[in-house]
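The values are calculated or read from the model by the stated rules, or taken from the named source; none is laboratory data. Model, not experiment: these values are computed from the prediction. Every residue, glycine among them, receives a Cβ derived from its backbone with ideal geometry; neighbour counts consider all protein chains shown. Just the protein is used for accessible areas: all its heavy atoms, side chains included, with ligands, DNA and RNA removed. Shrake-Rupley method; radii C 1.70, N 1.55, O 1.52, S 1.80 Å.
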Amino acid sequence: MDVSFILDSLNDAQREAVCSPAGSLLVLAGAGSGKTRVLTHRVAWVVQACGVSPLSILAVTFTNKAAQEMRGRIEHMLGYPMRGMWMGTFHSIAHRLLRAHWHEAGLEQGFQILDSDDQLRMIKRTLKELNLDEGYWPPKQIQWYINGHKEEGRRSKHVLDTIDTQQRELLRIYRAYEELCDRFALVDFSELLLRAFELIKNNEPLRVRYQQRFQHILVDEFQDTNAIQYEWLKLFAAAHKNIFIVGDDDQSIYGWRGARVENILQFEKDFPGTMVIRLEQNYRSTANILNIANAVIDQNQSRLGKNLWTHDEEGEPVRLYVAYNEIDEARFVVDRIQSWLDQGNLRSETAILYRSNAQSRVFEEVLLQAAIPYRVYGGLRFFERAEIKDALAYMRLVASRQDDPSFERIVNVPARGIGNRTLEQTRDYARVNQVSLWDAARALVHTKELSSRAISSLSLFLDLIEQLASLLEGKTLADQVEQTLHHSGLLAHFAKEKGEKAQTRVENLEELITAARNYDHDEEDGTDTLSAFLSHAALESGEGQAEEWEDCVQLMSLHSAKGLEFPLVFLTGLEEGLFPHQRSLQEPGRLEEERRLCYVGMTRAMKLLYISYAEVRHLYGRETYGSPSRFLGEIPDEMLVEVRSSGPGTRDRFSFANAREDNGGSVQLGKQVRHSSFGEGIVLSVEGRGEHTRVQVNFESVGNKWLVLAYANLEIL
Ligand code: ATP
Ligand code: MG
């Protein structure tokens, strides 16, 4: 049978990987070098050339979308469906195993999956059963604790007992949570992985069966597997050791969520005799794009080290746009997209990438104005996010007490002791008397129908809204939003929770203040500003987002861009504190992870890459004068061409100027300087202009530090 068509479009190293004999194999290679392509071709190869049944294949991908795409590609290549092949994320595969063997896994047949929010609710319930105070035991923190243990493969019984009372109490909560989940047949995300792992590990007949069935195990994006996922793979591959993994240590971006890049090194130890193949040719990007990405990632200390080159032409230079604020940045981006479209290109060929989800809002607004369809991936659109809807619901209720959905939404958010029973009674009253929930609640607090506890918590809520209403009177829109966030307790509620997600919610809420500040309302249409803003928000959350099938511009966070590619990419918001993110600045390990994220972003671009930052940014409700990201400073000057706007008011015309401007001062690269507390050092880099100039100095005593020139009082030696 002719199988050459599978190998035709591969280079030598890729072909070697695809046709390698059975055994363990590691493809360690940089971005765009064809790792995912090798993986799909490998599947096609073993099926077509080696006669392996699709039933014997287990392939793990990072997202469900990637799994669908890969399956499609293989089927297209071979011309028939890959029935029986297991291809999906770790979670979906674990889910499948547990559905098939629920009994052996000690579950009930109808077990339900808890998503992250459901899990949090269960944790709160656990706390209640244990009579513990949520204020003292923040549920988010407990969620973090429980999932952390599960992802390392530890149940409560495996956690070592200590004399530390706090730790003991956490352990007690973990145990009670496990019992509660068991009682109600509930399985959270990390439980899926852990339970499927235990099932295969402890049940010998099943283990043997699956080890025999899955003769070929393949894993994409291996650098982002966590402990339990890796244990899983070892277990499945233990008998035949037929395991094919591809990954790139430079693209490990989930360390903060427990991923272990060390698994790559460990793999060679766990599977002695592993064949290692390195792919060095990048097929995705032009030389100019690749050079910039290489220059940045080269700054990382902990790397396995790779060479990446391309035969591709130099291509257009990578361009840097220095925006004077975030709106200018968005207008620039949309302007470039418009010219891209004018040249007959597709919208779906362009991606706007950002570090923080809150940044999407301004882009959404400008795209909407320009009537360009777009889609926000890996996260809800700004006005659809739960916390934003919560905040707006307060304002809606202030604007109209009859707004029942808003009443329902926030009556007990943040929790104020209004239980389901009280709500039921309120709904009943409203139904019977044909009044709004608000009016029903007001009536009920004056009757004896509710318990005195219910009356007091309900009155508290009613008073809160009335107070808020008088507080907002006569204020500007931005102040109204700000007052609402504080007075409702929403901001404080999310601020006291721990974890990445809660932090994002706080950022989004603060961003709502910026949205209000920039909201431009035409007074002449007769509505007041608040009502106009609220309908604007409602419309924005319903419309605008393109349909799944529609050709549209892609907006996504850098994390969700992993593995994808686009001809035209905008890498936005390169400011210190935003990217690299503030939270990563203190820890060198986290900073390197941010740099890898930057590398991931740059290497998504095929033909054109624009990088931008804003001198002033209104984000999270604050105005910040960001200095350019250190990542920009790591790109050699000659590799970046700066595109300048010819000034406010003439935004449509852009002129080209050469790379970075001089800071005008005498602090230059290589100069010896003295700082009053850090002592002597040498200037490593200088970036920014005027009052925003920052210098990186290598001090003899404390190592590298970034300083703002205007405040550092450096003495030049
Ligand atoms: P990432 O690290 O970003 O996940 P990757 O290593 O998985 O990247 P692929 O997505 O497989 O890279 O490939 C990048 C691009 O290069 C794709 O468009 C792919 O089709 C193309 N490509 C890879 N190998 C070849 C080849 N030998 N000939 C032509 N095109 C290739
Ligand atoms: Mg890939």
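This table checks each residue for (1) of a type in the set (Phe, Trp, Tyr); (2) within 19 Å of residue 572 (Cα to Cα); (3) outside any loop (DSSP other than H, G, I, E, B); (4) open to solvent by less than 20 Å² (accessible area, probe 1.4 Å).
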{"position": "273", "(1), (2), (3), (4)": "no, no, no, no"}
{"position": "285", "(1), (2), (3), (4)": "no, yes, no, yes"}
{"position": "303", "(1), (2), (3), (4)": "no, no, no, no"}
{"position": "311", "(1), (2), (3), (4)": "no, no, no, no"}
{"position": "319", "(1), (2), (3), (4)": "no, yes, yes, no"}
{"position": "335", "(1), (2), (3), (4)": "no, yes, yes, no"}
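Residue count for the range 557-608, restricted to those that are within 16 Å of ligand 2 (Cβ to nearest atom) and either among the polar types (S, T, N, Q) or more than 30 Å from residue 693 (Cβ to Cβ) (or both): 11. Considering only residues that are of a type in the set (D, E, K, R) and surrounded by 14 or more Cβ atoms within 10 Å (Cβ to Cβ), look in the range 691-717 and name the one that is farthest from residue 616 (Cα to Cα). The qualifying residue farthest from residue 616 (Cα to Cα) is 705. Selection within the range 197-224: residues that are within 16 Å of ligand 2 (Cβ to nearest atom) and of a type in the set (D, E, K, R). The member of this set that is nearest to residue 151 (Cα to Cα) is 224. State whether one or more residues within the range 406-423 are over 40 Å from the mean Cα position of the chain (by Cα), of a type in the set (A, V, I, L, M) and surrounded by 18 or more Cβ atoms within 10 Å (Cβ to Cβ). Looking for residues that are over 40 Å from the mean Cα position of the chain (by Cα), of a type in the set (A, V, I, L, M) and surrounded by 18 or more Cβ atoms within 10 Å (Cβ to Cβ), one finds none in the range 406-423, hence no.
Condition check ((1) in contact (Cβ under 8 Å) with a residue 60 or more places away in the chain; (2) surrounded by fewer than 23 Cβ atoms within 10 Å (Cβ to Cβ); (3) not assigned by TED's automatic domain parsing to the domain that holds residue 604) across all residues:
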position	(1), (2), (3)
27	yes, no, yes
53	no, yes, yes
63	yes, yes, yes
66	yes, yes, yes
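In the range 34-46, the count of residues that are at pLDDT below 95 and surrounded by 17 or more Cβ atoms within 10 Å (Cβ to Cβ) is zero. The numbered conditions (1) surrounded by fewer than 18 Cβ atoms within 10 Å (Cβ to Cβ); (2) near ligand 1 (Cβ under 9 Å from one of its atoms); (3) among the charged types (D, E, K, R) are all true for residue 8 except (2). Of the set (1) small (Gly, Ala, Ser); (2) within 32 Å of the chain's Cα centre (by Cα); (3) modelled with pLDDT of 80 or more, all apply to residue 676 but (2). Scanning the range 45-75 for residues that are over 24 Å from the mean Cα position of the chain (by Cα) and either within 16 Å of ligand 2 (Cβ to nearest atom) or among the basic types (Lys, Arg) (or both) turns up 71, 72, 73, 74. Confirm whether residue 63 is touching a Phe, Trp or Tyr at 6+ places or on another chain (Cβ under 9 Å), among the hydroxyl-bearing types (Ser, Thr, Tyr), at pLDDT below 90 and within 16 Å of ligand 1 (Cβ to nearest atom). Taking the combined requirement at face value, the residue does not satisfy it. When the criteria are applied in full, residue 278 meets the requirement of being within 16 Å of ligand 2 (Cβ to nearest atom), charged (D, E, K, R), open to solvent by 10 Å² or more (accessible area, probe 1.4 Å) and in contact with a Leu (Cβ under 6 Å, 6 or more places away or on another chain).
For the range 576-607, which positions are part of a helix (DSSP H, G or I) and out of contact with any helix residue (DSSP H, G or I) (no Cβ under 6 Å at 6 or more places or on another chain)?
582, 583, 588, 589, 592, 595, 597, 601
If you go through the range 606-617 and pick out every residue that is open to solvent by 10 Å² or more (accessible area, probe 1.4 Å) and either without any contact (Cβ under 8 Å) to a residue 40 or more places away in the chain or within 27 Å of residue 252 (Cα to Cα) (or both), you end up with 5.
Given the structure, is residue 367 open to solvent by less than 40 Å² (accessible area, probe 1.4 Å) and not acidic (Asp, Glu)? Taking the combined requirement at face value, the residue satisfies it. Assessment of the range 97-113 against the conditions (under 18 Å from residue 501 (Cβ atoms), open to solvent by 50 Å² or more (accessible area, probe 1.4 Å) and not hydrophobic (A, V, I, L, M, F, W, C)) yields no matching residue. Condition first: open to solvent by 20 Å² or more (accessible area, probe 1.4 Å) and among the aliphatic types (A, V, I, L, M). Now tell me which residues in the range 380-397 satisfy that. Passing the criteria: 380, 386. Each residue in the range 246-261 was checked for being away from ligand 2 (no atom under 16 Å from the Cβ) and not hydrophobic (A, V, I, L, M, F, W, C), and 4 pass.
Yes/no matrix, rows are residues, columns are (1) open to solvent by less than 50 Å² (accessible area, probe 1.4 Å); (2) within 16 Å of ligand 1 (Cβ to nearest atom); (3) modelled with pLDDT under 95:
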{"site": "559", "(1), (2), (3)": "yes, yes, yes"}
{"site": "572", "(1), (2), (3)": "yes, no, no"}
{"site": "580", "(1), (2), (3)": "yes, no, yes"}
{"site": "604", "(1), (2), (3)": "yes, yes, no"}
{"site": "619", "(1), (2), (3)": "yes, no, yes"}
